[in-house]
Amino acid sequence: MLNPRRILVTKFRAMGDTIMMTAALEELHRHFPQAQIHAAVTDPWIWLLEGFPGVTKLWPIHWHADRAARTKAATRLAFQLRGERYDIVCSFHSSPAAAMVALSTGAKVRAVHFHSFKAKNMHTTVDIPGKGIVKPVIERDLDTVRALGLDVPVGVMPKIFLKPSETDLALEEFKSWQLKRPILGVALGASRSTKIWPIHRAAEVAKRWVTDTGGSVLVISGPGEEELNAEFFRSIPLDPNFQRSIQLMKPCPVRILAARISALDVLVGNDSGPRHLATALDVPTVTIFGPEHPLEWHPYPQDKHPRLFIEPLHCRNNQEPGSPPWCGISECVIEAHQCMTRISIDEVYEQCLRVLKEFPKPANATT
């Protein structure tokens, strides 16, 4: 029977991947409440794990796009971790470099799970259940924990923990910005352009929200999204009510972003990090999917977190055999981006109003 003193978890991925890993973190802490859990995760997303129950140390790493730089960073981290004497290592959404880090720790128990359902799990000492089965990313992470012989239920949801001082500051900021409730967050960006719903449609949703609810809209901007922001505000009339009620939030540190998102009434956006963050903070979301199937990336209850997705489409045909439909192109010309353009403004807006009505924010969370 396992009785670990110290556990290491690793995941060198993007914001959404880091957030989804928290479901597995919760299960590790539930089964091993006495253990210190260390997390080696990509910077800056790692700081979302501050205050997570059981997590006692954070090891940030810059996961470079360049393979040589990535290998050098992984090697440096491996040397640092060697002296921590971990009993267990869980490497989620692993890769050859991440698996090397797990091996280098010297831990006797290593659960190493590669993302691809075809790739071999390198340097693992346990068999990962469900290998070869396409499933939500959260369930793959939970399979890594199940490999330790633990009874882990299906459907554990991610969580992010904020300090009262952080949420209080966000509420004070909203007051100083004169944002009126209900507040809709609009996340314009995504990891590639084909995953972005037409910007003028997002602007139309924002205008309707202000007109119909009397509330405000906060446009959530990420690094490098200046042109998306400019296009959005070109679609907003030069009307004092709209100019006052629809405001831009510029890029900010990730925990400030989390606190501000936690104060929203609803968040609408593409398949991107902010909507995973909103879900983990129990904020209703509306997600627009285009080229990629939601099976892996949207394991959330659809009453509170609806997603819009057009299927079937013959142009989603880049997937491996056995995988859900997927399109990997960076620019859609021939098919006129129909996976996104066929999702109407009315559909998106109606879902925003529905989740606002069915999942209102508690009064004590808005003051």
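The values are calculated or read from the model by the stated rules, or taken from the named source; none is laboratory data. Given the structure is predicted, the values throughout are model-derived calculations rather than measurements. Here Cβ is always computed from backbone atoms with ideal geometry, including for glycine, and neighbour counts include all displayed protein chains. To get the accessible areas, we keep the full protein, side chains included, count just its heavy atoms, and leave off ligands, DNA and RNA. Shrake-Rupley method; radii C 1.70, N 1.55, O 1.52, S 1.80 Å.
Identify all residues within segment 295-310 that are in contact (Cβ under 8 Å) with a residue 40 or more places away in the chain and of a type in the set (A, V, I, L, M); write none if there are none.
Listed by number, the residues that qualify are Leu295, Leu308.
So Glu204 clears everything in (1) closer than 21 Å to Asp346 by Cβ; (2) touching a strand residue (DSSP E or B) at 6+ places or on another chain (Cβ under 7 Å) except one condition, right? Which one?
(2)
Select, from Ile199, Ile138, Ile128, Ile133, the only residue that is in contact with a helix residue (DSSP H, G or I) (Cβ under 6 Å, 6 or more places away or on another chain) and either on the phi > 0 side of the Ramachandran plot or free of Cβ contacts under 8 Å to residues at least 24 places away in the same chain (or both). Walk me through it before giving the result.
Working: Ile199 fails: either on the phi > 0 side of the Ramachandran plot or free of Cβ contacts under 8 Å to residues at least 24 places away in the same chain (or both); Ile138 fails: either on the phi > 0 side of the Ramachandran plot or free of Cβ contacts under 8 Å to residues at least 24 places away in the same chain (or both); Ile133 fails: in contact with a helix residue (DSSP H, G or I) (Cβ under 6 Å, 6 or more places away or on another chain).
One residue alone meets the criteria, Ile128.
Tell me which of these Met157 doesn't satisfy, since it passes every other one: (1) open to solvent by 40 Å² or more (accessible area, probe 1.4 Å); (2) part of a helix (DSSP H, G or I).
The one condition Met157 does not meet is (2).
Can you find, within segment 195-214, the residue that is farthest from the chain's Cα centre (by Cα) among those that are in a loop (DSSP other than H, G, I, E, B) and buried (at least 20 other Cβ atoms within 10 Å of the Cβ)?
Trp197
Scan segment 161-194 for residues that are open to solvent by 50 Å² or more (accessible area, probe 1.4 Å), assigned to a loop (DSSP other than H, G, I, E, B) and charged (D, E, K, R) and jot them down. Walk me through how you get there before you give the answer.
Start the filter on segment 161-194 by keeping residues that are open to solvent by 50 Å² or more (accessible area, probe 1.4 Å), which leaves 161, 163-165, 168-169, 172, 175-178, 180-181, 191, 193.
Next, from what is left, pick out any that are assigned to a loop (DSSP other than H, G, I, E, B): 161, 163, 177-178, 180-181, 191.
The answer is Lys163, Lys180, Arg181.
Out of the helices (runs of 4 or more DSSP H) lying entirely within segment 215-294, which hold 2 or more residues that are touching a residue at least 24 places away in the same chain (Cβ under 8 Å) and open to solvent by 20 Å² or more (accessible area, probe 1.4 Å)?
Numbers: elements: 226-234, 240-245, 254-262, 273-280.
Filter on segment 215-294 gives 226-234, 240-245, 254-262.
Would you confirm whether any residue within segment 346-362 is basic (Lys, Arg), under 30 Å from Ser165 (Cα atoms) and crowded, with 17+ Cβ neighbours inside 10 Å?
Applying the first criterion (basic (Lys, Arg)) to segment 346-362 yields 354, 357, 361.
The next check asks that each one be under 30 Å from Ser165 (Cα atoms); those that pass are 357, 361.
Add one more test, that the residue is crowded, with 17+ Cβ neighbours inside 10 Å, and what stays is 361.
Yes.
How many of the residues in segment 334-367 are out of contact with any helix residue (DSSP H, G or I) (no Cβ under 9 Å at 6 or more places or on another chain), under 29 Å from Ile261 (Cα atoms) and at pLDDT below 90? Before you say what the answer is, go through the steps one by one.
Of all residues in segment 334-367, those out of contact with any helix residue (DSSP H, G or I) (no Cβ under 9 Å at 6 or more places or on another chain) come to 334-336, 338, 342, 346-347, 350-351, 354-355, 357-364.
Within this subset, residues satisfying the condition of being under 29 Å from Ile261 (Cα atoms) are 342, 346-347, 350-351, 354-355, 357-364.
After this cut, where a residue has to be at pLDDT below 90 as well, the list is 362-364.
Adding up the residues that qualify gives 3.
Go over the candidates Ile288, Ile183, Ile256, Ile246 one by one and state the one that is at pLDDT 95 or above, within 19 Å of Trp45 (Cα to Cα) and not small (Gly, Ala, Ser). Let's see the steps before the verdict.
Working: Ile288 fails: within 19 Å of Trp45 (Cα to Cα); Ile183 fails: within 19 Å of Trp45 (Cα to Cα); Ile246 fails: within 19 Å of Trp45 (Cα to Cα).
Within the list Ile288, Ile183, Ile256, Ile246, the selection yields Ile256.
Within segment 27-52, which residues are touching a strand residue (DSSP E or B) at 6+ places or on another chain (Cβ under 9 Å) and among the small types (Gly, Ala, Ser)?
Ala35, Ala39, Ala40, listed by residue number.
With the structure loaded, tell me whether Asp303 is on the phi > 0 side of the Ramachandran plot and either touching a strand residue (DSSP E or B) at 6+ places or on another chain (Cβ under 9 Å) or open to solvent by 10 Å² or more (accessible area, probe 1.4 Å) (or both) or whether it fails that test.
On the way: on the phi > 0 side of the Ramachandran plot: no; either touching a strand residue (DSSP E or B) at 6+ places or on another chain (Cβ under 9 Å) or open to solvent by 10 Å² or more (accessible area, probe 1.4 Å) (or both): yes.
Judged against the criteria, Asp303 is not a match.
Among Glu331, Glu320, which is the only one that is out of contact with any helix residue (DSSP H, G or I) (no Cβ under 7 Å at 6 or more places or on another chain), open to solvent by 60 Å² or more (accessible area, probe 1.4 Å) and either farther than 23 Å from Thr279 by Cβ or not basic (Lys, Arg) (or both)? Working first, answer last.
On the way: Glu331 fails: out of contact with any helix residue (DSSP H, G or I) (no Cβ under 7 Å at 6 or more places or on another chain).
Sole residue among the options that is out of contact with any helix residue (DSSP H, G or I) (no Cβ under 7 Å at 6 or more places or on another chain), open to solvent by 60 Å² or more (accessible area, probe 1.4 Å) and either farther than 23 Å from Thr279 by Cβ or not basic (Lys, Arg) (or both): Glu320.
Taking the criterion of being of a type in the set (D, E, K, R) and over 22 Å from Phe32 (Cβ atoms), would at least one residue in segment 102-121 satisfy it? Before you say what the answer is, go through the steps one by one.
So in segment 102-121, the residues of a type in the set (D, E, K, R) come out as 108, 110, 118, 120.
Now drop any that are not over 22 Å from Phe32 (Cβ atoms), which leaves 118, 120.
So far as segment 102-121 goes, yes, one or more of its residues are of a type in the set (D, E, K, R) and over 22 Å from Phe32 (Cβ atoms).
State which residue pairs qualify: first residue among the β-branched types (Val, Ile, Thr) and inside segment 339-354, second residue in a helix (DSSP H, G or I) and open to solvent by 60 Å² or more (accessible area, probe 1.4 Å) in any location, beta carbons under 9 Å apart, and separation of 6 or more residues or different chains.
Ile345/Arg208
Hey, any hits in segment 133-144 for a residue that's open to solvent by 40 Å² or more (accessible area, probe 1.4 Å), closer than 23 Å to Val55 by Cβ and assigned to a helix (DSSP H, G or I)?
Taking every residue of segment 133-144 in turn, none turns out to be open to solvent by 40 Å² or more (accessible area, probe 1.4 Å), closer than 23 Å to Val55 by Cβ and assigned to a helix (DSSP H, G or I).
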